[in-house]
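The values are calculated or read from the model by the stated rules, or taken from the named source; none is laboratory data. Just so you know, these numbers come straight off a predicted model, no measurement behind them. Heads up, the Cβs are rebuilt from the backbone with ideal geometry, glycines too, and the neighbour counts pull from every protein chain shown.
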Amino acid sequence: MNTNTTPTSPWLLARRTTRMNPSVIREILKLTEKPGIVSFAGGLPSPKTFPVAEFEAACARVLRDDPHAALQYAASEGFRPLREMVAAMLPWSVDPGNVLITTGSQQGLDLVAKVLVDAGSKVLVESPTYLGAVMAFMPMEPEIVSVASDEQGLDLADLQAKADDARFLYALPNFQNPSGRTMSEQRRVALSETAARLGLPIVEDNPYGDLWFDAPPPTPLTARNPDGCIYLGSFSKVLAPGLRLGFVVAPQVVYPKLLQAKQAADLHSPGFNQRLIAEVMKNGFLDRHIPTIRALYKSQRDAMLNALAREIPAGDSDSTLTWNTPAGGMFLWARLPKGMNAADLLPYAVAQGVAFVPGAPFYAANGDPRTLRLSYVTPSVAEIERGVAALAIAIKTYAARLKP
């Protein structure tokens, strides 16, 4: 007779679940639910940019003109007119047959991992890199290797030293999440040439490329070598994230396996949502809509830069908070004075009524504990000013506690 009274479970979890961890950002977002908190933490588009009236009208047209097809199962590749629109809007010649509609670009990362990564495979990433990509790759049990990066992008010497046997390089050249930096034209040319010479595939993630402020970013890496790159895009940042639609452009040698992985994951992305976005995009709507997003985000970036300059004492990177000036996108990257840790600062900031994301989790290895990400697109200008003032007080309070 078993006398063990400890409850047991029949469920045996797969080994890969040990590599699944909660999103640091999602956990921090719970803090922002407290009343009065100004959040610089989330990478959420501003709801002011959602074209609600256009979606309302498009919804009525879809249900009027093609209701049964819109509500039925659909092709795994995606709604053909939407795939054609995606191909037409990209700055290189793209066959719609190489476009796969995904359930958000995050699913594109998951499909890439399933198709290209084996246990122990080497995957190269920037330093820092998008946390969501690392989370998508990790269950496939890769060896994720960080490549040194500077304000111009990847360090090519370090890339060449680490590229041997790598399955692919994952890169966000435009207004990167989290750092906000943009890879220069010179670095893109050199990276494309180097990757082609090494036989190193590139997975190019570009959710923010349309959100430039003064000038568009350089030509995508994929346009320079389409057969050596997989390109990921998203409708979340230019239309609405709640519809959960993105896309992958892949070479024919890879596309069929991505499609099969997609079929196994969810059969197809919501057909109604695809028709809705295609309807909204008709007649050049994005060409009229995206400039309004750029103008809003630029004004809010400027508000944050001005507030930081006003509230934070000037000095070098060892003595005060420093930050960059992103040329587009949604994020500003900052670094605390020497001896400080952004994770330790966060409780002081929340106590003052402001939240941010510590930067260390965005590194595949040896994360810089002094870094932090600030998103400027969701708070109002008044909230940005109040939040930056609160952040300055939190830094002073934290610094005072560090003194012997």
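Per-structure values
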| read-out | value |
| --- | --- |
| Leading residue by the ranking (surrounded by the most Cβ atoms within 10 Å (Cβ to Cβ)) among those in the range 329-350 that are outside any helix (DSSP H, G or I) and among the small types (Gly, Ala, Ser) | Gly329 |
| First in the range 302-323 and closer than 19 Å to Ser179 by Cβ, second anywhere and acidic (Asp, Glu) and modelled with pLDDT of 95 or more, Cβ under 9 Å, 6 or more apart | Met304/Glu385 |
| Residue that is farthest from Ser105 (Cα to Cα) [pool: residues in the range 242-259 that are surrounded by fewer than 18 Cβ atoms within 10 Å (Cβ to Cβ) and free of Cβ contacts under 8 Å to residues at least 60 places away in the same chain] | Val253 |
| Among residues of the range 134-154, those that are in contact (Cβ under 8 Å) with a residue 40 or more places away in the chain and touching a helix residue (DSSP H, G or I) at 6+ places or on another chain (Cβ under 7 Å), counted | 6 |
| Residue check for Ile25: modelled with pLDDT of 80 or more, within 30 Å of the chain's Cα centre (by Cα), on the phi < 0 side of the Ramachandran plot and among the aliphatic types (A, V, I, L, M) | no |
| Residue tally, condition within 11 Å of the chain's Cα centre (by Cα) and aliphatic (A, V, I, L, M), over the range 170-226 | 2 |
| The range 351-381, subset buried (at least 20 other Cβ atoms within 10 Å of the Cβ) and of a type in the set (A, V, I, L, M), residue nearest to Val125 (Cα to Cα) | Ala364 |
| Conditions (1) surrounded by fewer than 24 Cβ atoms within 10 Å (Cβ to Cβ); (2) touching a residue at least 40 places away in the same chain (Cβ under 8 Å); number of the one not met by Phe235 | (1) |
| Cross-chain or 6+ apart pairs with Cβ under 9 Å, the range 76-97 first and not assigned by TED's automatic domain parsing to the domain that holds Ile277, then surrounded by 13 or more Cβ atoms within 10 Å (Cβ to Cβ) | none |
| Cβ-Cβ under 7 Å pairs, at least 6 apart or on other chains, the range 351-362 side free of Cβ contacts under 8 Å to residues at least 60 places away in the same chain, far side assigned to a strand (DSSP E or B) | Ala360/Thr371 |
| The range 303-329 - residue that is closer than 20 Å to Ser149 by Cα and modelled with pLDDT of 95 or more and, of those, nearest to the chain's Cα centre (by Cα) | Gly329 |
| The lone exception for Asp210 - which of (1) in contact with a strand residue (DSSP E or B) (Cβ under 8 Å, 6 or more places away or on another chain); (2) crowded, with 20+ Cβ neighbours inside 10 Å it fails | (1) |
| Residue check, Thr397 over 25 Å from the mean Cα position of the chain (by Cα) and hydroxyl-bearing (Ser, Thr, Tyr) | yes |
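Condition check ((1) at pLDDT 95 or above; (2) crowded, with 18+ Cβ neighbours inside 10 Å; (3) basic (Lys, Arg)) across all residues:
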| residue | (1), (2), (3) |
| --- | --- |
| Pro47 | yes, no, no |
| Glu56 | yes, no, no |
| Arg61 | yes, no, yes |
| Asp95 | yes, no, no |
| Gly104 | yes, yes, no |
| Leu116 | yes, yes, no |
| Val125 | yes, yes, no |
| Asp155 | yes, no, no |
| Leu159 | yes, yes, no |
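Let's see how each residue does on (1) part of a loop (DSSP other than H, G, I, E, B); (2) surrounded by 16 or more Cβ atoms within 10 Å (Cβ to Cβ); (3) out of contact with any strand residue (DSSP E or B) (no Cβ under 8 Å at 6 or more places or on another chain):
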| position | (1), (2), (3) |
| --- | --- |
| Ile290 | no, yes, yes |
| Ser299 | no, no, yes |
| Ala303 | no, yes, yes |
| Ala307 | no, yes, yes |
| Pro313 | yes, no, yes |
| Pro326 | yes, yes, no |
